[in-house]
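Chemist: Handing you this structure, nothing more for now.
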Amino acid sequence: MEKIIEQNVACAVKDLYGSDVETGVLQIQETRKDFEGDLTVVVFPLLRFSGKSPEQTAAEIGEYITGINPGIESCSVVKGFLNLSLGNSAWLAEFDKLVSEKDSLRQAGRGEQQVTLVEYSSPNTNKPLHLGHIRNNLLGFSLSRILSECGHKVFKTNIVNDRGIHICKSMLAWKLFGDGKTPETTGMKGDHFVGKYYVEFENACSKEIRELTDRGMTPGEAAAGSKMMSEAREMLRRWEAGDPETVGLWKMMNSWVYEGFEETYRALGVDFDRIYYESDTYKLGRDIVNTGLEKGIFRRKEDGSVWVDLTSDNLDEKLLLRADGTAVYMTQDLGTAVERYNDYRFDNQYYVVGNEQNYHFQVLKLILEKLGYEWAGGIYHFSYGMVNLPEGKMKSREGKVVDADDLINTMIKTAREMSEELGKLGDYPEEEKDGIYSRIGLGALKYFILKVDPRKNMLFDPRESIDFNGNTGPFVQYTYTRIRSVLRKAEEMEVKSSHDFRSIKLNGKEKDILRLLRRYHRVVREAADELNPSYIANYIYELSREFNQFYHDYTILGEKDESLRGFRIALSDLTGRVIKRAMWLLGIEMPERM
RNA sequence: GGUUCAGUAGCUCAGCUGGAUAGAGCAACGGCCUUCUAAGCCGUAGGUCGCAGGUUCGAAUCCUGCCUGAAUCACCA
């Protein structure tokens, strides 16, 4: 419709003022709600063609195009804005178009299919997942679905930081204090079990350091002299040397952690196509650094460490290999990137990683480019902001974290309490209720996190943040269940939806809803282009809100006019599908009733 | 200090590539359940869009400077 009007306006300018309008100058937009009309032509850019006042120009163009476009019922001019009202037939044609598209919502995409990797989650194996990981997982998962909706062939990947001093700390503490206990014998979730020993290590170690500083050592000396620390380092050396006992312990404890993670991922509803392990990729990274060294891209210092000089790109020098030849973070990421390219030949790869690592990914991309990998241009850092608590930053070392499993369980519990208090679902079977509460609780959590712009830091107050009223997941779910309820009853009453609406007159609310429904594809495409799931969340809230008001103001099944009733049922059906689809893109499941 | 990002109602957040009178929710106050789900709907109150300039028909949005906050500038991952 906009395109046709664009042509109409271009035509009007040519006929009235004798000028050709280049595309891009014309601005057609949805009319603001408080004004009469559906579409608005902004005439300010056209004044240089007409040489007349905004009002006069708008009036002339308005008169011209209502004459040639029968879809336009009337027009009005407010200041420099030409507001056009579409006739019923034009609206119904739009509706028909939407209905015929309803089963192929996957049309937001364009162009040839690209292979796109999304890396997210990236946990360490020494402690359980926390709120920061939740934001990461939800963003990564949603981004994957959005890109796939837009035609990308998406592979979800995860890189597990399974090696390094941190896991050795847990291993050592378990050896010292564990008494051979396991998650099975204690009934603890594996990741929490291992995390407990990480904390025990930190406690024992800081106690030791405190004793040393009490005896007059400086903090630096104390840290160096700590037996716990040096034993952990020794363990890392043995691990790197492939000592069977150490590697066996490492494997066992990691397997506990993976079981725990798997459970959390399942509860969150996220998954991966392929999991990479740092312990597998860091060696490849080392080879890459060595070939770069041979090609003269990198430089070895006197002590034997390898560096890349990025000062010409306005960055610093960056370490790639330690003097003893062991790998650092960057080494391993180079290896992972190359391995992934060999595995997938991707066009794009998105790293979902917090903004604290902006610098790291800037450097990673630059180094890959210097090494001559052409695909390096296709890697992007999807950088998101931190989640802060009312007390400030989350600090895992100080125990100032919100644990992922706790949070998920609390959400589901709250959903249950809320529902029971409101007296919903009284006579439902328990198992079915559990599924619904879990969808509502998780819906609240996911929506709360995804509705905010990923780039921004966000505040999370465990007591107040998560709401079930207002701009929330449960509100959208509630709207959806109302729609489903109406459709179920329509079926029982054998009232059919109808597509023959020629005789009906749309009201303002119905037009508002159609206007919003028309926006769906554009919103999804923008979300994909800007890598921003929050566009979808905020859109779907607006749609749900309109629809709730619509159900409040108008009756559906009780409507006497058969074709109007049929239309409203069809509109409900379509809206329900769009809401469900959009929420699916956010990774939020919908209950059929609540 | 360098770099990057952010600053919108008491609080949490929207505001699309510059467009009309800056929007929701929470919190506060007042209405609405005999009618398809009240996790809802309606109303009241709440704003110098960090500050100052600039660009133009028009700026929360773009440019410059300043103020404030965050992240980063590691032989941690």
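Chemist: For region A:50-59, does any single residue satisfy the condition of being within 16 Å of RNA strand B (Cβ to nearest atom), modelled with pLDDT under 85 and part of a helix (DSSP H, G or I)?
Modeler: Yes, because at least one residue in region A:50-59 is within 16 Å of RNA strand B (Cβ to nearest atom), modelled with pLDDT under 85 and part of a helix (DSSP H, G or I).
Chemist: Take A:PHE567 and tell me if it is at pLDDT 90 or above, over 30 Å from A:SER148 (Cβ atoms) and open to solvent by less than 20 Å² (accessible area, probe 1.4 Å).
Modeler: Yes, satisfied.
Chemist: Output the residue which, of all residues in region A:112-154 that are more than 21 Å from A:TYR198 (Cα to Cα) and polar (S, T, N, Q), is surrounded by the fewest Cβ atoms within 10 Å (Cβ to Cβ).
Modeler: So the residue we want is A:GLN113.
Chemist: Another question about this same structure. Within region A:390-433, work out how many residues are touching a strand residue (DSSP E or B) at 6+ places or on another chain (Cβ under 8 Å) and either away from RNA strand B (no atom under 11 Å from the Cβ) or within 21 Å of A:THR264 (Cα to Cα) (or both).
Modeler: Residues that pass the stated criteria total 8.
Chemist: Just one of the numbered conditions (1) open to solvent by 30 Å² or more (accessible area, probe 1.4 Å); (2) in contact (Cβ under 8 Å) with a residue 60 or more places away in the chain; (3) touching a Lys or Arg at 6+ places or on another chain (Cβ under 8 Å); (4) assigned to a helix (DSSP H, G or I) is not true of A:ASP191; which one?
Modeler: The single condition A:ASP191 does not satisfy is (1).
Chemist: So, one more: Can you list residue pairs whose Cβ atoms sit under 7 Å apart, with the first residue in region A:82-94 being without any contact (Cβ under 8 Å) to a residue 24 or more places away in the chain and within 14 Å of RNA strand B (Cβ to nearest atom) and the second being outside any helix (DSSP H, G or I) and open to solvent by 10 Å² or more (accessible area, probe 1.4 Å)? Count only pairs 6 or more apart in sequence or on different chains.
Modeler: Taking only residues 6 or more apart or on different chains, not a single pair turns up.
Chemist: Scan region A:526-547 and give yes if some residue there is open to solvent by 70 Å² or more (accessible area, probe 1.4 Å), within 26 Å of A:LYS496 (Cβ to Cβ) and of a type in the set (D, E, K, R), otherwise no.
Modeler: No: region A:526-547 contains no residue that is open to solvent by 70 Å² or more (accessible area, probe 1.4 Å), within 26 Å of A:LYS496 (Cβ to Cβ) and of a type in the set (D, E, K, R).
Chemist: Looking only at region A:25-35, decide whether some residue is assigned to a loop (DSSP other than H, G, I, E, B), more than 9 Å from RNA strand B (Cβ to nearest atom) and surrounded by fewer than 18 Cβ atoms within 10 Å (Cβ to Cβ).
Modeler: Checked region A:25-35: at least one residue is assigned to a loop (DSSP other than H, G, I, E, B), more than 9 Å from RNA strand B (Cβ to nearest atom) and surrounded by fewer than 18 Cβ atoms within 10 Å (Cβ to Cβ).
Chemist: Can you find even one residue in region A:343-366 that is aliphatic (A, V, I, L, M) and over 30 Å from A:MET458 (Cβ atoms)?
Modeler: No, every residue in region A:343-366 fails to be aliphatic (A, V, I, L, M) and over 30 Å from A:MET458 (Cβ atoms).
Chemist: Do you know which residues across region A:384-404 are part of a strand (DSSP E or B) and open to solvent by less than 30 Å² (accessible area, probe 1.4 Å)?
Modeler: A:TYR384, A:VAL387, A:LEU389, A:GLY392, A:ASP403
Chemist: Exactly one of these conditions fails for A:LYS496: (1) near RNA strand B (Cβ under 8 Å from one of its atoms); (2) modelled with pLDDT under 95. Give me its number.
Modeler: Single failed check for A:LYS496: (1).
Chemist: Filter region A:62-81 down to residues that are away from RNA strand B (no atom under 14 Å from the Cβ), open to solvent by less than 50 Å² (accessible area, probe 1.4 Å) and in a helix (DSSP H, G or I), then give me how many there are.
Modeler: 2
Chemist: Could you please give the count of residues in region A:405-447 that are acidic (Asp, Glu) and not in a helix (DSSP H, G or I)?
Modeler: So the answer is 1.
Chemist: While we're looking at this one, here's another question. For region A:274-306, give me the residue count where each residue is within 35 Å of the chain's Cα centre (by Cα), within 16 Å of RNA strand B (Cβ to nearest atom) and not in a helix (DSSP H, G or I).
Modeler: Count: 3.
Chemist: A:VAL352 - would you say it is outside any strand (DSSP E or B) and within 20 Å of A:ASN161 (Cα to Cα)?
Modeler: no
Chemist: Here is a check on your reading of the model: is A:GLN362 assigned to a helix (DSSP H, G or I), within 12 Å of RNA strand B (Cβ to nearest atom), polar (S, T, N, Q) and farther than 30 Å from A:ARG238 by Cα?
Modeler: yes
Chemist: Related question: Restricting attention to region A:338-351, which residues are crowded, with 17+ Cβ neighbours inside 10 Å and either within 13 Å of RNA strand B (Cβ to nearest atom) or more than 16 Å from A:ILE275 (Cβ to Cβ) (or both)?
Modeler: Passing the criteria: A:VAL338, A:TYR341, A:PHE346, A:ASN348, A:TYR350, A:TYR351.
Chemist: Tally up the residues in region A:310-328 that are surrounded by fewer than 17 Cβ atoms within 10 Å (Cβ to Cβ) and either hydroxyl-bearing (Ser, Thr, Tyr) or assigned to a loop (DSSP other than H, G, I, E, B) (or both), please.
Modeler: Matching residues across region A:310-328 total 11.
Chemist: Are there any pairs with C-beta distances below 7 angstrom linking a residue in region A:319-345 that is on the phi > 0 side of the Ramachandran plot to a residue that is modelled with pLDDT of 90 or more and more than 8 Å from RNA strand B (Cβ to nearest atom), with the two at least 6 apart or on different chains, and if so which?
Modeler: Here the result reads A:ARG345/A:VAL115, each pair linking region A:319-345 to a residue that is modelled with pLDDT of 90 or more and more than 8 Å from RNA strand B (Cβ to nearest atom).
Chemist: If you don't mind, another one. Which ones in region A:205-253 are without any contact (Cβ under 8 Å) to a residue 24 or more places away in the chain, under 14 Å from A:SER170 (Cα atoms) and either in contact with an Asp or Glu (Cβ under 6 Å, 6 or more places away or on another chain) or of a type in the set (A, V, I, L, M) (or both)?
Modeler: Residues satisfying the conditions are A:VAL247, A:MET252.
Chemist: Just the residues that are over 23 Å from the mean Cα position of the chain (by Cα) and modelled with pLDDT of 85 or more, please, taken from region A:97-132.
Modeler: A:THR125, A:ASN126, A:LYS127
Chemist: Mind listing whichever residues of region A:455-486 are within 6 Å of RNA strand B (Cβ to nearest atom) and outside any loop (DSSP other than H, G, I, E, B)?
Modeler: Selection gives A:MET458, A:LEU459, A:PRO474, A:PHE475, A:TYR478, A:THR481, A:ARG482, A:SER485, A:VAL486.
Chemist: Please tell me if A:ASP271 is under 33 Å from the mean Cα position of the chain (by Cα), assigned to a loop (DSSP other than H, G, I, E, B) and within 30 Å of A:ARG135 (Cα to Cα).
Modeler: When the stated conditions are applied, A:ASP271 passes them.
The values are calculated or read from the model by the stated rules, or taken from the named source; none is laboratory data. Because the structure is predicted, anything quoted here is derived from the model rather than measured. Neighbour counts run over all protein chains shown; Cβ positions are idealised from the backbone, glycine included. Quick note on the areas: whole protein, heavy atoms, side chains included, nothing else; ligands and nucleic acids left out. Shrake-Rupley method; radii C 1.70, N 1.55, O 1.52, S 1.80 Å.
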